[in-house]
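Okay, so here's the structure we're looking at.
A short reminder: the numbers here are calculations on the coordinates, not readings from a lab. Quantities reported herein were computed from a predicted structural model and do not represent experimental measurements. Neighbour counts are summed over all protein chains in view; Cβ atoms, including those assigned to glycine, are modelled from backbone coordinates with ideal geometry.
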Amino acid sequence: MTVTALPAVTAERESELLASVPTGLLINGEWRPAASGKTFDVEDPATGKVLLSIADAGPEDGAAALDAAAAAQESWAKVPPRERGEILRRAFELVTERAEDFALLMTLEMGKPLAEARGEVTYGAEFLRWFSEEAVRAFGRYSVSPDGKSRLLVTKKPVGPCLLITPWNFPLAMATRKIAPAVAAGCTMVLKSANLTPLTSQLFAAVMMEAGLPAGVLNVIPTSTAGATTGPLIKDARLRKLSFTGSTEVGRRLLSDASETVLRTSMELGGNAPFVVFEDADLDAAVAGAMLAKLRNMGEACTAANRFIVHESVAAEFAEKFAAKMAEMTTARGTEAQSKVGPLIDAKSRDKVHELVSDAVASGARAVLGGAPVDGPGYFYQPTILTGVSEGTRILSEEIFGPVAPITTFGTEEDAIRLANNTEYGLVAYVFTKDLNRGLRMGERLETGMLGLNAGVISNAAAPFGGIKQSGLGREGGLEGIEEYLYTQYIGIADPYAG
Ligand SMILES: NC(=O)c1ccc[n+]([C@@H]2O[C@H](COP(=O)([O-])OP(=O)(O)OC[C@H]3O[C@@H](n4cnc5c(N)ncnc54)[C@H](O)[C@@H]3O)[C@@H](O)[C@H]2O)c1
Ligand SMILES: O=CCCC(=O)O
């Protein structure tokens, strides 16, 4: 992972930026306080200090947001696709112009190093550009029925008002990955951002309004009471789509709630990615890939390599090279020029990571690097490498969500496939080998929605992102992403030559 050294950020710059963030709820084109008047605090995970207090939406505000989205749906769907695409293009340009603001805001509220945050701005903005182009390509078809006696007209229509629920770890990209295709498809929406990192979505919503999005199309309801505020919306017949990104545990609950109205859902859930290194791999390339797959977002990514499955003949050399690179990673507040690894999102996450590491060590694993929280303010954890992790250890079956790399070994290709597939998750896998046929065999046999072949990061707005098994339903990005916000209508037409 290459993080460019950056000048430290001044307290004055931070204050100026925070003062530009809307602190209300966005409902029907207006920023307003919560009906209850309540607010909640957003914390800096590097210091534990409060960055900003913002409106705390309740059920009454959620209902008002859905009222606004439902009222705007018919007129918004009539806006020409090209006009919807041009709003997205303007949003892309505005986000790009304010890239430094978005990057710093994400670093402040989520903790990632500023260079990483800049990378996320590029990644998140690309969904706006991609779907500004896709907006005019929701093609249908007209055909003659096989018996020639009728005509078949197939068209794509916006699914309707959507509820979008996003996680805290990629505050911009997880929002644009939903909002952009919904706008392109002609849907209105209610966004429930993550209470741990709501500020980026607040600023992004302001940019969408500046780009020309009509009132009521995008409504934003940050809240500290997610279930109570969004639960009634999921049961409301006017809602036509739920798009959720978050843990598999919460996804299961929402799928159950959505079943009552047979609500269309997209689910982007948890991961437990295997990172498989074969004996013929270029080890330096594999270590470089491992650094990206493990440390991107400090390991707080659904796509993070969670299990390193290395051929027994190269495991020692791989671990030594990997540890040497990880040891160069400086933990510091993301605004510090030398920061390579920022804090984890909160004390609960840090303690969960340490619990998994301690359990692994107690089960016989060895911490060849790190292995403990960083003393001092904030929720930092040492970049850690564990060797000798035996099959069945908790850390190999639970999502770590931190800068910890457990290494286990295999002997045969069959062993590698069995170990890699031994999880209820199926989001992404990584394979390093010089043997193309082996790489293709792994693609065919690994139970995963995505595969990195000799690559440690593969996320791309032009590609379909998503998993199988308990990593989710549906795809975001690529040609598939807009389909999640469209439905297919078929019109059967009598033979135009009859009668
Ligand atoms: N597959 C993907 O694309 C993807 C991307 C990012 C994160 N994730 C996953 O998300 C998890 C980390 O994010 P997180 O901690 O924010 O997940 P989370 O499931 O705790 O929360 C996700 C969102 O759901 C909200 N939420 C929680 N309980 C809810 C309820 N009962 N009703 C409605 N909303 C509720 C939260 O406030 C947040 O906005 C990890 O498991 C990670 O793998 C997956
Ligand atoms: O955390 C999961 C999302 C990461 C990505 O889109 O690459």
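Can you bin every Cα-Cα distance in the chain into 10 Å intervals starting at zero and give me the percent of pairs per bin, rounded to whole numbers?
4, 19, 28, 25, 15, 6, 2, 0, 0
If I stretch the segment between residue 77 and residue 434 completely, what's the gain in nm (0.36 nm per residue apart, minus their alpha carbon distance), one decimal?
123.6 nm
Treating cross-link reach as a plain straight distance, find the lysines whose alpha-carbon is under 28 Å from the alpha-carbon of residue 149, omitting any fewer than eight places away in the same chain.
Those lysines meeting the cut-off are 157.
So, counting K/R as plus one and D/E as minus one, what does the shell of residues with Cβ under 10 Å around residue 394 add up to?
Cβ neighbours under 10 Å give a net charge of -3.
Take residue 262 and residue 351, extend 7 Å from each Cα along the Cα→Cβ direction, and tell me the distance between the two endpoints in nm.
So the label points at residue 262 and residue 351 sit 4.5 nm apart.
Mind pulling the angle between the C-alpha long axis of helix 173-185 and the longest principal axis of the chain? Nearest 10 degrees, somewhere in 0 to 90.
20 degrees
Classify segment 21-139 from the C-alpha gyration tensor, please: rounded if a/c falls under 1.5, else prolate or oblate depending on whether a/b exceeds b/c.
Cα axes put segment 21-139 in the oblate bin.
Under a crude label model (7 Å from the Cα following the beta-carbon direction), how far is residue 122 from residue 237 in nanometres?
Placing both labels 7 Å along Cα→Cβ, they lie 4.9 nm apart.
Considering only the other residues whose Cβ falls under 13 Å of the Cβ of residue 407, what net charge follows from Lys and Arg at +1 and Asp and Glu at -1?
For residues surrounding residue 407, the net value is 0.
Counting only DSSP beta bridges with both residues in the chain, what percent are antiparallel, rounded to the nearest 5?
45 percent
Run the helix sum for the chain: -39,500 (n - 2.57) per DSSP H stretch of 4+ residues, divided by residue count, reported at 222 nm to the nearest 500 deg cm²/dmol.
-12000 deg cm²/dmol
Give the peptides 297-307, 379-389 in descending order of average Cβ contacts within 10 Å, highest first.
The packing order, highest mean first, is 297-307, 379-389.
For segment 71-120 and segment 50-66, compute the distance between their C-alpha centroids and round to whole Å.
21 Å
Could you pull out the pairs from 235/340; 49/294; 49/241; 38/241; 434/469 whose alpha carbons sit more than 32 Å apart here?
Correct reply: 235/340; 49/241.
Sequence-distant or interchain residues sharing an amide H contact under 5 Å with residue 265, placed H: which?
242
Over all directions, average the projected area of the Cα convex hull of segment 126-262 and note it in nm².
10.4 nm²
Once you compute Rg and the Kirkwood Rh from C-alpha atoms, what is the Rg to Rh ratio for segment 339-395?
Value, to two decimals: 0.99.
Sorted by mean Cβ packing within 10 Å, highest first, what order do the peptides 187-195, 91-99 take?
Per-residue Cβ counts within 10 Å, averaged per peptide and sorted highest first, yield 187-195, 91-99.
If each residue of separation counts as 0.36 nm, what is the full-extension length gain between residue 494 and residue 253 once their alpha-carbon separation is subtracted?
82.2 nm
Would you mind getting me the FRET efficiency between residue 362 and residue 397? Use the beta-carbon distance for r and R0 = 22 Å, nearest 0.05.
According to the calculation, E is roughly 0.90.
Provide the packing ranking of 239-245, 485-491, i.e. peptides ordered by the mean count of other C-beta atoms within 10 Å per residue, highest first.
Result, highest mean Cβ count within 10 Å first: 239-245, 485-491.
Through the Karplus equation 6.51 cos²θ - 1.76 cosθ + 1.60, θ set to phi - 60°, convert the phi angles of segment 334-351 into ³J(HN,Hα) values in whole Hz; use x for Gly and Pro.
Rounded to whole hertz, the list is x, 7, 7, 4, 8, 5, 10, 9, x, x, 6, 5, 7, 5, 4, 5, 4, 5.
Give the angle, between 0 and 90 degrees and rounded to the nearest 10, that separates the Cα long axis of helix 248-259 from the longest principal axis of the Cα atoms of the chain.
Between the helix axis and the principal axis of the chain, the angle is about 20 degrees.
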